[in-house]
Amino acid sequence: MDDILVGYKGKNFQFEIKDPKTLKKDGNFKAGTIKPSQVELKKNWKGHYSIVTTFEQILEDIKQWLMNLSIWENFAQQWD
């Protein structure tokens, strides 16, 4: 499957989309599914990067970011 870059509210989300058939029953990926370069990218990339198998996981990642942003904005407003 392909990679996708999603831009939303000034934030970029990079996703590696894997075939759901590459998941084991425990939710981890089968050996060889994730390339060494993808492991390094996930480990070292300062921006958003996630390896997913479904569109719903993409939406959940973006939703989580929005929730974290909301929490941060509420916290920051206390100091204005």
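The values are calculated or read from the model by the stated rules, or taken from the named source; none is laboratory data. Just so you know, these numbers come straight off a predicted model, no measurement behind them. Please note: Cβ atoms are built from the backbone with ideal geometry, for glycine as well, and neighbour counts cover all protein chains shown. Please note that ligands, DNA and RNA were not included when accessible areas were found on the heavy atoms of the full protein model with its side chains. Shrake-Rupley method; radii C 1.70, N 1.55, O 1.52, S 1.80 Å.
Could you give me the residue pairs with C-beta distances under 9 Å whose first residue belongs to region 2-18 and is more than 21 Å from Ile34 (Cα to Cα), whose second residue is open to solvent by less than 100 Å² (accessible area, probe 1.4 Å) and not hydrophobic (A, V, I, L, M, F, W, C) wherever it lies, and which are 6+ apart or on separate chains? Short answer, once both residue conditions are applied: Lys11/Gly47; Lys11/His48; Asn12/Gly47; Asn12/His48. Taking each residue of region 52-63 that is in contact (Cβ under 8 Å) with a residue 12 or more places away in the chain and within 17 Å of Asp19 (Cα to Cα) and looking for partners that are open to solvent by 50 Å² or more (accessible area, probe 1.4 Å) and in a loop (DSSP other than H, G, I, E, B) with beta-carbon atoms closer than 8 Å, six or more apart or interchain, yields Thr53/Asp19.
Please return the ranges of strands (runs of 3 or more DSSP E) entirely within the chain where 2 or more residues are open to solvent by 80 Å² or more (accessible area, probe 1.4 Å).
3-8
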